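The next block holds one structure in the form of structure tokens; read it before the comments.
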4 protein chains.
Amino acid sequence: MTKSFTNLKNLGFIGLGRMGNLMAKNLIKRGYLLNVWNRTIEKAKELSSLGASIAENPKAVAEKSDVIICMLANPLVTEDVILGKEKYIGISVSDGISKDKMVIDMSTNNPKVVKRMANTLKDKGCELIDAPVMGSINLAAEGGLTILASGREESVNFVKPILEAMGKKVWYIGEVGLASSLKLILNTHLWIMLGAFCETLTLAAKVGIDTKLMLEVLNSSPLKTFVSETKAKKVLERDWRPAATLEIALKDLNLAVDMAEEAYVPIPLANLIKDLFIAGIAKGLKDLDYSALICLYESLAKVKVS
Amino acid sequence: MTKSFTNLKNLGFIGLGRMGNLMAKNLIKRGYLLNVWNRTIEKAKELSSLGASIAENPKAVAEKSDVIICMLANPLVTEDVILGKEKYIGISVSDGISKDKMVIDMSTNNPKVVKRMANTLKDKGCELIDAPVMGSINLAAEGGLTILASGREESVNFVKPILEAMGKKVWYIGEVGLASSLKLILNTHLWIMLGAFCETLTLAAKVGIDTKLMLEVLNSSPLKTFVSETKAKKVLERDWRPAATLEIALKDLNLAVDMAEEAYVPIPLANLIKDLFIAGIAKGLKDLDYSALICLYESLAKVKVS
Amino acid sequence: MTKSFTNLKNLGFIGLGRMGNLMAKNLIKRGYLLNVWNRTIEKAKELSSLGASIAENPKAVAEKSDVIICMLANPLVTEDVILGKEKYIGISVSDGISKDKMVIDMSTNNPKVVKRMANTLKDKGCELIDAPVMGSINLAAEGGLTILASGREESVNFVKPILEAMGKKVWYIGEVGLASSLKLILNTHLWIMLGAFCETLTLAAKVGIDTKLMLEVLNSSPLKTFVSETKAKKVLERDWRPAATLEIALKDLNLAVDMAEEAYVPIPLANLIKDLFIAGIAKGLKDLDYSALICLYESLAKVKVS
Amino acid sequence: MTKSFTNLKNLGFIGLGRMGNLMAKNLIKRGYLLNVWNRTIEKAKELSSLGASIAENPKAVAEKSDVIICMLANPLVTEDVILGKEKYIGISVSDGISKDKMVIDMSTNNPKVVKRMANTLKDKGCELIDAPVMGSINLAAEGGLTILASGREESVNFVKPILEAMGKKVWYIGEVGLASSLKLILNTHLWIMLGAFCETLTLAAKVGIDTKLMLEVLNSSPLKTFVSETKAKKVLERDWRPAATLEIALKDLNLAVDMAEEAYVPIPLANLIKDLFIAGIAKGLKDLDYSALICLYESLAKVKVS
């Protein structure tokens, strides 16, 4: 099956949160025509002023578009919007989709849900590509995201220009679901780094080391990490405005924990981090930046790092 | 007290292992006169041919030198060579030292031992500086080490030219012992990164991701770490020739574990890594590079990462 | 609302596995009339020969009975059989139930599912009591189970004679769902004891202690536990015939892990046990008695305990 | 070598703390003549009034006695008193001992230290038996302790009547040091049970279970443990008067951690407990009963269990 839409410019975009909004804008800039939908319709207004058509519901988006992109908050919402399980019964993407259309799920999703959605859409003659992104708001704004894409290779290649409108680098990861798996795994790597950062910074503070100096030494050395570089200043200044909250970090980590359990892979470090996240949230850090995990470590060791 | 040796060029160097040997050579290159000693005297021969004098024992080194540098294998040996506790009673550095001489301990040492040595030497009118190094053999060869130094600030400044002969960057960390503490803490950061690397790589392999691809994605992203960059190739090629062995990693981590316990700081991630190291060694990985920890994870998850 | 059935002898019993079968027999012995149903109908035959009526499906059981007891394998099946979610749409208990009938869920269940079922049944004017059991096959056979019951207190008291036909002791735990929570928590206590048993036995073996002697000393002391008493012989004789398999233990533990996460309670010991279970299953111990976890510890420490 | 003292009634007893005092009294009751010594001499006065001779120092005890019993606070003190390492150089047990005398170390000791002491005493023609005890003050008072004894079997049999004066049950464990190892292992079993108790009680409280009821259910069930039985009331009444403090528990657990590391046995549960103890002590629970660990769990989950 080789795709050949008469009008590949006709895209659907569902989910206009902070990331989705910026990604959709980049598609418009590249000349794509967008049919958009969002739960809270206000968020679609700005895109409308840039030329996007606002659709009534996910079904309408699917009817009007050749390729439908989703960028939603979590696996539950994503599955509901795409397959119509609870709130979107009868008005979901799958209700509006027809043979040979494609769905690109760019949310951070549960690989099991991705595969389930792919199977259901297959019955309608449609393909699903999962294409989660790495990178923050800033990178999303400038089209600099890294995109992990999986699904049928030919199909991923087919939509590559679309993905490249949103990201500077597109990796092909393999069969559908694997890109989502890899996203969760790379995030897990990040969460353990966060733990390493908090644990060692707390130890340094308690034995009497100047933590500002420690972070300067660390970040001047090959041992620096993404966390030590991006969070050092925040932690020292106790600036907990969130890039991503601890609550989101826990939800994300949980997806990896579930995946590991199903694959029978012990991930003791990740599970320990999970309990630290939980204790952090119990302590009230839920809505703070994930670097606020340091506050939990501080309370465990009875010390302040700054 | 301000130091002013008549001949600051006259240095002692004790401990001519792989690192010590290269560091001593760099001192000779800068014109320092070296009195050297090593447990196995053969290792001193090469330096002798470069102009160093071989001393009979640590005591003799101390008698002949203004500043005595030690680069020894572990805290037990270091304390014995410097203070004379077991094998070196009567022939230790402290037996040969006299007022106003200085000792620089560049070994990775237990901060408690460092402070104990500093106190004992103080009674003889001598100062101890602890100045552990960051960096591998390659960096040691080219004088590119990073050196963490602690002790009286004036004294650290006084010996800075000596330290700069061995390292490209010298950080002043604070009162004696703190540089050793920081070294252990930065290494702990490294060991947890190693765990993050092994745990996520194993998970990726078991859920069906091409691990070579995963490492390429990781190392092209901001989430890369010292471990993911320096060990990816080794792990994929199962090349376990050691930069540092798992046994050495465990000994090193244990120093941090003891320090944390004395300071009453919980370090659950580090303690979990410690148990993984122990299980790895029980499995027979003792003399392999620490990246061989992946073999333990592989056996726990029943999967091969390459 | 006070219950007063014209014929309280008329019970439904759904789920005739190893435990359910024995529990149903005890009800028949006490003179209750049973309408039974099981997925594999063969298991109902024996009860039929004892006087029970075999119903066509869960709906039919509910139609014919005043009180419907369920003893099913897991939360998914239980919710489906009671509410009709997937396989039992239209033929579930809730499809046959009518005002003032009661459901007693005796399965080990997820408290969240219990509450959800209770709410749905409430809309039909029916009450749910969750009444999970503690005790093995042997205790079930002799009506010696301990039963934890929660729901409206008056209702629990009303069905107490039924429960007492199956168990020697019925505890009232509180509002609906709490008995299921407590069951999961007591099991978690058991799983950690299992870990304590395996970890210390392995350590003993490796340092050279006669493990048979160790278990004799332990079981003669106040430090003995349910695990050390019931599993010592099995482990020494490597008899892994399952009372409960490691796979079941993992599923059970997972219910507690999920409950803890939702309540934001860190349970690091339980999560560590979970990873040990996972590694044990990866190693091939899935269908063995949970005491076979010792085999994982043996492989980690490279020692045999017997 | 078969022992045959002319006067086996002549015993030394060193270490008259809470336990030692009661044990010594039981020896006197059985007619043994005691030469006693204690760091703070006041504690020896009462025994003196019962007929014991107070010796000047450990050396004098050893000179006057055929069998010397030690019951000291920790490995460091024990080794010093027996071998004379620091404070007791020249006046230690080994300074007063002579051929064919025996030492029984009843302290909870590090097996490595036990073996080192045994080797040193062997050079003087003397044997060491390690015979740590299980049981509390109450059991010590009534001679009801359980005693684990290791060393040469013939020698353990020879001193058995002495041990039986203090304990109701004497187990022979094997070669010297193994009794101390087993003591540490059984205690580790206890510490993990403590963790299981605190973790599950906290979870119960947070999900809304009446913890008093939970403990009643638990202690009426086969899942009860030494901890759940002896600490339930203390925890519910927040009575933290120590049977053994958390600080002592940590020291004790550390001996097991070190032993496991030397034997290359991973003990992840025990190491996690160790970090919980450390966090508990950082929180200020150091001098409270070890059951006060529940306060740490409470603070992690933000809930009160009573």
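Nothing in this text is a laboratory measurement; each read-out follows from the coordinates by a stated rule. No experiment lies behind these values; they were computed from the predicted model shown. Please note: Cβ atoms are built from the backbone with ideal geometry, for glycine as well, and neighbour counts cover all protein chains shown.
Which percent, to the nearest 5, of DSSP beta bridges fully inside segment B:10-176 are antiparallel?
Taking every DSSP beta bridge with both residues in segment B:10-176, the antiparallel ones total about 10 percent.
Provide the percentage of antiparallel DSSP beta bridges, counting only those with both residues in chain C; round to the nearest 5.
15
Taking N as the number of residues in segment B:10-176, what value does Rg over Cα atoms divided by 2.2 N^0.38 Å take?
0.91
Quick one: which residues, 5+ away or cross-chain, put their amide H under 5 Å from the amide H of B:R152? H built at 1.01 Å from N.
B:V176
How many angstrom lie between the Cα centre of segment C:55-101 and the Cα centre of segment A:242-306?
Distance between centres, Cα-based: 40 Å.
Rank the residues B:F197, D:F13 as a footprinting-exposure proxy: fewest other Cβ atoms within 10 Å of their Cβ go first.
Lowest count first: B:F197, D:F13.
List the GluC sites (Glu not before Pro) in segment B:28-110 that DSSP assigns to loop (not H, G, I, E or B) and whose Cβ has at most 13 other Cβ atoms within 10 Å. Which are they?
Those satisfying the criteria are B:E56, B:E86.
From other protein chains only, count the Cβ atoms within 10 Å of every residue's Cβ in A:254-263, then give the mean.
Per residue, the number of nearby Cβ atoms from other chains is 4 on average.
Find the eigenvalues of the gyration tensor of the Cα atoms of chain A, then list the square roots of 5 times those eigenvalues as equivalent ellipsoid semi-axes, largest first, in whole angstrom.
After scaling each eigenvalue by five and taking roots: 38, 20, 18 Å.
Based on other C-beta atoms within 10 Å, arrange D:T200, A:T120, A:T78 from fewest to most.
A:T120, A:T78, D:T200
I want the antiparallel fraction of DSSP beta bridges within the protein assembly as shown, as a percent rounded to 5.
Of all bridge pairs located within the protein assembly as shown, approximately 15 percent are antiparallel.
Helix C:111-122 versus the longest principal axis of chain C: what is the Cα-based angle in degrees, 0 to 90, to the nearest 10?
Helix C:111-122 sits roughly 0 degrees off the main axis of chain C.
Along the axis that rotates chain C into chain A, which residue of chain C has the nearest beta-carbon, and what is the gap in whole Å?
C:N271, 2
What does the copy distance list look like for A:N157, label position 7 Å along Cα→Cβ, in nm and ordered from shortest?
Inter-copy label distances (nm, one decimal, shortest first): 6.7, 7.6, 8.4.
When the dipole is taken about the Cα centre of segment A:182-301, and only Lys, Arg (+1) and Asp, Glu (-1) are charged at their Cβ, what size is it in debye, to the nearest 20?
Charge dipole of segment A:182-301: 260 debye, to the nearest 20.
Quick one: divide the alpha-carbon radius of gyration of the protein assembly as shown by 2.2 N^0.38 Å and tell me what you get.
For the protein assembly as shown, the normalised Cα radius of gyration is 1.05.
Using amide H atoms built in the peptide plane, which far-off residues or other-chain residues are under 5 Å from B:W171 H to H?
Residues meeting the amide H criterion: B:I147, B:L148, B:A149.
Let's see if you can work this out: charge +1 on each Lys and Arg Cβ, -1 on each Asp and Glu Cβ, no other charges. What is the dipole magnitude of chain C about its Cα centre, in debye to the nearest 20?
500
Run the numbers on segment D:182-301 and let me know its relative contact order in percent, using alpha-carbon pairs under 8 Å that are six or more apart.
36
With springs connecting C-alpha atoms under 10 Å apart, model chain A as a Gaussian network and identify which of A:A52, A:A165, A:A260 has the largest mean-square fluctuation.
It is A:A260.
Return the subset of C:K169/C:K224; B:K251/B:K274; A:K233/B:K183; A:K87/A:K160; C:K101/C:K168; A:K64/A:K99 for which the Cα-Cα distance in this structure is over 20 Å, preserving the input order.
Flagged as over cut-off: C:K169/C:K224; A:K233/B:K183; A:K87/A:K160; C:K101/C:K168.
Could you pull the Cα extents of segment D:16-69 along its three principal axes, largest to smallest, in whole Å?
23, 23, 18 Å, listed from the longest principal axis down.
Quick one: with label points 7 Å out along Cα→Cβ, list the inter-copy distances for D:I54 in nm, shortest first?
Result, one decimal in nm: 6.1, 8.8, 9.4.
Please work out the ratio of the alpha-carbon Rg of segment D:182-301 to 2.2 N^0.38 Å and round it to two decimals.
Taking N as the residue count of segment D:182-301, the ratio is 1.05.
Under a GNM of chain D (C-alpha, springs under 10 Å), which listed residue has the highest mean-square fluctuation: D:A149, D:A292, D:A256?
Of D:A149, D:A292, D:A256, the Gaussian network model singles out D:A292 as fluctuating most.
Would you mind calculating the relative contact order of chain B from Cα pairs under 8 angstrom and at least 6 residues apart, reporting the percent as a whole number?
Relative contact order comes out at 13 percent.
Taking Cα pairs under 8 Å and at least six residues apart, what relative contact order does segment B:62-185 come out at, in percent?
Taking the mean separation of contacting Cα pairs over the length of segment B:62-185, I get 22 percent.
Which angle between 0 and 90 degrees, to the nearest 10, do you get for helix C:226-236 versus the longest principal axis of chain C when only C-alpha atoms count?
Relative to chain C, helix C:226-236 is tipped by roughly 60 degrees.
Quick check: the angle from helix C:18-29's long axis to the longest principal axis of chain C, C-alpha only, nearest 10 degrees?
With both axes taken from Cα atoms, the answer is about 50 degrees.
Please compute the modelled spin-label separation between D:N10 and B:E154, points set 7 Å along Cα→Cβ, answer in nm with one decimal.
In this crude spin-label approximation the distance works out to 6.4 nm.
Report the one residue of C:A263, C:A249, C:L203 whose Cα lies farthest in the direction of the positive end of the charge dipole of segment C:182-301 (charges on C-beta: Lys and Arg +1, Asp and Glu -1; origin at the Cα centre).
C:L203
Ignore the peptide's own chain and count Cβ atoms of other chains within 10 Å of each Cβ in B:281-289; give me the average, rounded.
Across the residues of B:281-289, the mean count of other-chain Cβ atoms within 10 Å is 2.
For segment C:182-301, build the charge dipole from Cβ charges (+1 Lys, Arg; -1 Asp, Glu) around the Cα centre, then report which of C:L182, C:F226, C:L215 sits farthest towards its positive end.
Of the options given, the answer is C:L215.
Can you show me the helix-derived [θ] at 222 nm for the protein assembly as shown, built from DSSP H runs with n ≥ 4 at -39,500 (n - 2.57) apiece and divided by the number of residues, rounded to the nearest 500.
Taking each H run of at least 4 residues, the total per residue is -16000 deg cm²/dmol.
Over chain D, with a Gaussian network built from C-alpha contacts below 10 Å, which listed residue (D:A196, D:A60, D:A270) shows the highest mean-square fluctuation?
Between D:A196, D:A60, D:A270, it is D:A196 that shows the largest mean-square fluctuation.
Defining the label point at 7 Å along Cα→Cβ, can you sort the distances from B:G125 to the same site in each other copy, shortest first, in nm?
Result for B:G125, in nm, nearest copy first: 5.0, 9.9, 10.3.
On average, how many beta carbons from a partner chain sit within 10 Å of the beta carbon of a residue in D:178-185?
Per residue, the average neighbour count from other chains is 5.
Please turn the phi angles of segment A:253-265 into ³J(HN,Hα) values with the Karplus equation 6.51 cos²θ - 1.76 cosθ + 1.60 (θ = phi - 60°), one per residue in order, whole Hz, x for glycine and proline.
Using θ = phi - 60°, the values come out as 4, 4, 4, 5, 4, 5, 4, 5, 5, 5, 8, 6, 10 Hz.
What is the fewest-to-most order of A:V170, D:V61, D:V77 by other Cβ atoms lying within 10 Å of their Cβ?
Fewest-to-most ranking of A:V170, D:V61, D:V77: D:V77, A:V170, D:V61.
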